[in-house]
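The next block holds one structure in the form of structure tokens; read it before the comments.
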Amino acid sequence: LRLRCTGAVQFARRLLSIMPMSSMVLAGLAITAGLLHVQAQCVETQCKSKLDMLACDAGFDVTAEEDCGDETCVPFLGCSYAKAKKLCCPSNCHWSDLSCNKGILEGYFVHLSNYSEARWTLLPDSLREKLTTAEKFANFTVNELKDVGVDILVEAKAVAGMTAVQLQGMSDEIRGINTSQLQSFLQNLSPSSLAEAMPFLVGDCEDESIAEKLELYSTVLQRESAWGQFDDWSAANLSALQCMIGVMPTTNLLKMADEALAQSGNLVDLSSQQLKELSSKFGSMSVTNLEQTLQNINFTRLQESLLFQASFCRGRIAADTLLTQSQHAAEAFAESICGRRAVTAAESEVEAIEAACGEELPAEMKAVQWGKQQARALMEHAANQVSPLNEWSSEIITVMSIFLPELEPDNITLLNSSALILGDYLNYDLAGKVGAMDPAVRDAYTAKLKEAVGNTNGWSCEQIASAKELVAGLNVSDIAQLAVSEIRGLLPSAVTAMTPLQTAALTAEHFKVLSEEARARVTGLKLAPLMESGNLEQLVAAVCGNLTVGEAGCPPRLVDVVMAFPHQNWNPTQQVLFQNYFSELDTIGVRTMSVLAADELPTAARRLAGGSSWVTLRVELASDSLTTAAEVREEAEQGAGAEGGSVIEIQSAELSRRHLEKDTMSAAVSLRASSLVVILFMACMTLM
């Protein structure tokens, strides 16, 4: 223990200054003896006082590790330490005195900061007492808590007894604490009290730390005595978070029950990013829950989020830029089809446009699918409550393009036709969704397209190409008026979507200009009305283009076979197998005309096909071949059955004048019979 007998030294100096020399010598000897006595006493007793007036209980010594403060030494009397009285004598140390009872008092706190120590010394004992246990804490009045101060409260373990009423009363102070203080505070706070008072604790949602605070709150609120796990949270629980829901991780929101999320009163605070990432959840909700959700969210933000679903931008650029890109893509696509721009250059431009937004969507966003009923509910909400349909701009059309197939035909007629056009072409995003439209919806959009660009006799090759499958919504007379010089814009997918009678509206000159890929879709039942008309030139042009009968690719006779293979794609190996099946027949050869996956089929067929791939083979026969259509069907059924498929359509055609009259007579019967086969097949697929 360190000696600091300053009092004795000062006393000796004063004594020497006033005494005669002889007396000084004697006094010096006495003082030296006294100092030695003091030193011995201080070392011997450590912290115990030897002054009678400060004497401690007999036999009690403080441990050497204690800080007894500075000592004062008085000659011949002994040493006294500043804190010895309190440290050596329990009866002299008040329970709340930090100078002698700090070790015990620190146990009442998670961490006792210097500020809290200073604040503690200023509090009356009545308030200190209530900070010692949870039971006593519950007796605080709100005014008393304010007197104590939030800085001590966030460190006190006794807040385990804090009630919801007390929390509510201190809400202003608690909202102002930082995340470190909040973490300390929540370590001991009762989850049930927090759950009840949560609506009053939501702070400024513009605060940079709000997301961290929500995470701290959510950890406590997930306890069983609060709200439970996220999937157990009610609409009232979510509503209690108020604007904080706008910073809640989407992974947590996806765990919420659909009904709870739909009925939450604070969905308006969800951000565009959250809405984008919740798209799959909305798309799978019941229609009732979705309609409730749509009533509560900020629809403008939903539209912004739907930009992520658009063909090009994925929502990372402004709508006007998106429109410009959509227009450029339409131009690049159409001009490549019509030969006015190199295909590779056009493809590069479209790819560049699609990549303009930078990084790709997260994997979970690439397969977002809304049910038809849910998509229809969204469109009805947009039509009825967002803005009148006749006021929808090109921006809205582009943003909502993935849902446009679900707009009712009566509503489509209300659209401003000019909003469907970008430059001279159909909105590229809208055109890309035509294949998913029901025929009635497609026809309604086709009527709006005609309204916007005029009669079909003035349509350019690029306009025909940009319309894609909407061409299949034209009537027979409109198709017949398409200019021969521009018909190259007719896409293979558009021909597939056309009915046999629509196909028959094309003249021989049309077929001669049509691309080979598009003519390859004029197969099966689409040949029947051509044969029935007796127009051999038109029939030959549909099959052969500019070739002459007898040349390679233009057989005198043919039999088209359409087969369905559930849930699998056609591959070269299967074509070889079928060539083997037909090898016993008298044929020129077998060609694969088209292989259509389920999503490439006409809409009516797609819905009934149940995921089947449709394959069309053309069996080419010489004019004197004895092979009949019945024999081709028999071999095709055997081969399709071996591969798990079936024959759904078969059509023969004769391209020579010698047999034309005979085949013309049977064409109508064949068309009706084959149509019946297709209908029966669809019915069977529906029941599977």
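Annotations
- Using a Förster distance of 60 Å, the FRET efficiency for Ile104-Ser393 (Cβ separation, nearest 0.05): 0.25
- Distance in nm between pseudo-label sites at Lys136 and Ser239 (7 Å out along the Cβ direction from Cα): 4.1 nm
- Above-threshold pairs, the threshold being 19 Å between Cα atoms, out of Lys372/Lys526; Lys136/Lys157; Lys281/Lys372; Lys130/Lys157: Lys372/Lys526
- Mean Cα-pair separation over length for region 518-563, i.e. relative contact order, pairs under 8 Å, 6 or more apart, %: 35 percent
- Using the Cβ of Lys526 as centre and a radius below 11 Å, the other residues enclosed give a net charge of 0, where K and R count +1 and D and E count -1.
- Region 362-480 - percent relative contact order, Cα under 8 Å, separation 6 or more: 24 percent
- The residues of region 95-225 expose, per residue, 47 Å² of accessible area to a 1.4 Å probe.
- Extension gain (nm, one decimal) between Ser171 and Asn475, 0.36 nm per residue minus Cα-Cα: 102.5 nm
- Per-residue Karplus couplings for region 181-196, computed as 6.51 cos²θ - 1.76 cosθ + 1.60 with θ equal to phi - 60°, are listed in order as 5, 5, 4, 5, 4, 6, 4, 10, 5, 5, x, 5, 5, 4, 4, 6 Hz, Gly and Pro entered as x.
- Extending 7 Å from Cα along the Cβ direction at Ser126 and again at Asp424 yields two label points whose distance is 9.1 nm.
- On the beta carbon distance between Leu547 and Asp410, with R0 = 41 Å, the FRET formula returns roughly 0.30.
- Rg/Rh for region 98-238, where both radii come from Cα atoms and Rh is the Kirkwood radius: 0.98
- Between Asp147 and Leu501, full extension at 0.36 nm per residue minus the direct alpha carbon distance yields a gain of 118.5 nm.
- Cα pair distances of region 435-567 binned at 5 Å [whole percent]: 2, 11, 20, 24, 18, 13, 8, 3, 1
- Gap separating the Cα centres of region 501-541 and region 430-499, nearest whole Å: 17 Å
- Computed from Cα atoms alone, the Kirkwood hydrodynamic radius reported for region 170-264 is 13.4 Å.
- Two-site FRET efficiency, Ala257 against Ser485, from Cβ-Cβ distance with R₀ of 60 Å, rounded to 0.05: 0.50
- Extension reserve of the Ser192-Thr179 stretch, reckoned as 0.36 nm per residue once the Cα distance is removed: 2.6 nm
The values are calculated or read from the model by the stated rules, or taken from the named source; none is laboratory data. These figures come from a predicted structure and were not determined experimentally. All Cβ positions, glycine included, derive from the backbone under ideal geometry; neighbour counts span all protein chains shown. Surface areas here come from the heavy atoms of the whole protein model, side chains and all, with no ligands, DNA or RNA. Shrake-Rupley method; radii C 1.70, N 1.55, O 1.52, S 1.80 Å.
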